[in-house]
1. How many of the residues in region 177-198 are surrounded by fewer than 21 Cβ atoms within 10 Å (Cβ to Cβ) and of a type in the set (S, T, N, Q)?
2. Quick one: which residue in 294, 285, 275 is in contact (Cβ under 8 Å) with a residue 40 or more places away in the chain and of a type in the set (S, T, N, Q)?
3. So for region 123-135 (the condition being outside any helix (DSSP H, G or I), surrounded by 18 or more Cβ atoms within 10 Å (Cβ to Cβ) and without any contact (Cβ under 8 Å) to a residue 24 or more places away in the chain), does at least one residue qualify?
4. When you go through 177, 190 one by one, which is the residue that is over 19 Å from the mean Cα position of the chain (by Cα) and either assigned by TED's automatic domain parsing to the domain that holds residue 246 or closer than 25 Å to residue 22 by Cα (or both)?
5. Got a sec? Which helices (runs of 4 or more DSSP H) wholly within region 259-352 have at least 3 residues that are under 30 Å from residue 6 (Cβ atoms), at pLDDT 95 or above and acidic (Asp, Glu)?
6. Hey, can you tell me all the residues within region 199-238 that are buried (at least 18 other Cβ atoms within 10 Å of the Cβ) and among the acidic types (Asp, Glu)?
7. Is it the case, given these coordinates, that residue 199 is in contact with a Pro (Cβ under 9 Å, 6 or more places away or on another chain) and farther than 25 Å from residue 324 by Cβ?
8. So which residues in region 205-227 are out of contact with any strand residue (DSSP E or B) (no Cβ under 6 Å at 6 or more places or on another chain) and in a loop (DSSP other than H, G, I, E, B)?
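The values are calculated or read from the model by the stated rules, or taken from the named source; none is laboratory data. Values in this document were obtained by computation on a predicted structure and should not be read as measured data. As a convention, Cβ positions derive from the backbone with ideal geometry for all residues, glycine included, and neighbour counts pool all protein chains shown.
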Amino acid sequence: MRIPTSPVVLDQDQLWRAGLGTDHPGMISAVRRALLDLEAGHAAGAKATVTPRDEDIRDFADPERSGFDLASEDLDWKLSALVSVNRRHGAVKIVGANAYNRCLGLPRSRSTILLFDKLTMLPLAMMDGTDISAVRTGAYASIAADLFYAPRGAGRVAIVGAGRVAEAVIRCLGASHAGRIERITLLSRHHGSSAALVERLRGTISIELAAAQDRGALAQADLLITATTARGPVVAAEEIPPGITTLLLGGDELPGSYIEPVLADGLVYCDGVASVAHRNVQSLSLHFSRRGESMAAAPIRSLAQEMVHPAWEAGRPVHVSCIGLPALDLYVTEYLYDRLGALERAPRPELRRAG
């Protein structure tokens, strides 16, 4: 076993060579393995977050003057560390995020990932994890479509949001379900954002893409995905067609008047039930905490449980809440690291050293 004296630095060109921009089926498979290994106890992870007060931003900027409404949009200003281990490796992802960044022409968040050897816990590689984070989140859409998608006719997917995660969702669905989805429609608060994303992706996947001018696309959806930074629901309960699947990838994006009947008559899933309950920032967990109740007694299953023991029936409503488990970053990073090593015909990539 050879452990480098300092971690190698993987630049974006090397990560793309390993498949970050193209090998979505491989990365989706890595996410699936992560969920199954977490369920089986072969992987574990934890997250720590420090969040400044929203009003502290006025020490640096005038948000309203810049076009950012603190009353209606979640600033999501935080510094987080996501730590995970599996059979072979460990990883730490450090994320700095602020939704105000869009007013500065900057990405909402940026991630840095360190990959560690499991035995020695010495660092092997360091890389920008921003695109890895987006892909591992987008992979949830492919897994949800595998498990809970049965279009009533020509398959229609609606995505509320037009940021980096929405783009990753489209690319993952294009890689995994192009034959089952006829159209993906984007809805966003600013139509120009969704139109720009559609234009940028047009021709890169075989699924038809559209930027909605109105809310009518929601009524046609077989799968509804929300991926925004909104502080409150981005769709009304009556806009969600009966019997479809909803996938929440943001925060408090769906109304309690939708969550309650799905809990009563449908099926509800999380990527990690305990993690969603503990973080308590998404519509599902907030539905319980606002009532002073616990999610523990509710009939909620993990995605891995559904993979192993399917319970869903077509036509039955499903809600899926995914908080973004730390181990998913580890598994996608590990996959790319192994691929890059294989491509370079070496057990470990011989690359530029940090420091």
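1. Keep residues of region 177-198 that are surrounded by fewer than 21 Cβ atoms within 10 Å (Cβ to Cβ), which gives 177-180, 182-183, 189-193, 195-196, 198.
Right, trim to of a type in the set (S, T, N, Q) and you get 193.
The qualifying residues number 1.
2. Working: 294 fails: in contact (Cβ under 8 Å) with a residue 40 or more places away in the chain; 285 fails: in contact (Cβ under 8 Å) with a residue 40 or more places away in the chain.
Checking each option against the conditions leaves just 275.
3. Scanning region 123-135, I find no residue that is outside any helix (DSSP H, G or I), surrounded by 18 or more Cβ atoms within 10 Å (Cβ to Cβ) and without any contact (Cβ under 8 Å) to a residue 24 or more places away in the chain, so the answer is no.
4. On the way: 177 fails: over 19 Å from the mean Cα position of the chain (by Cα).
Exactly one residue qualifies, and that residue is 190.
5. 326-343
6. 222
7. On the way: in contact with a Pro (Cβ under 9 Å, 6 or more places away or on another chain): no; farther than 25 Å from residue 324 by Cβ: yes.
No, not satisfied.
8. Step one: of region 205-227, the residues out of contact with any strand residue (DSSP E or B) (no Cβ under 6 Å at 6 or more places or on another chain) are 205-206, 213-216, 219, 227.
Within region 205-227, 205, 206, 213, 214, 215, 227 qualify.
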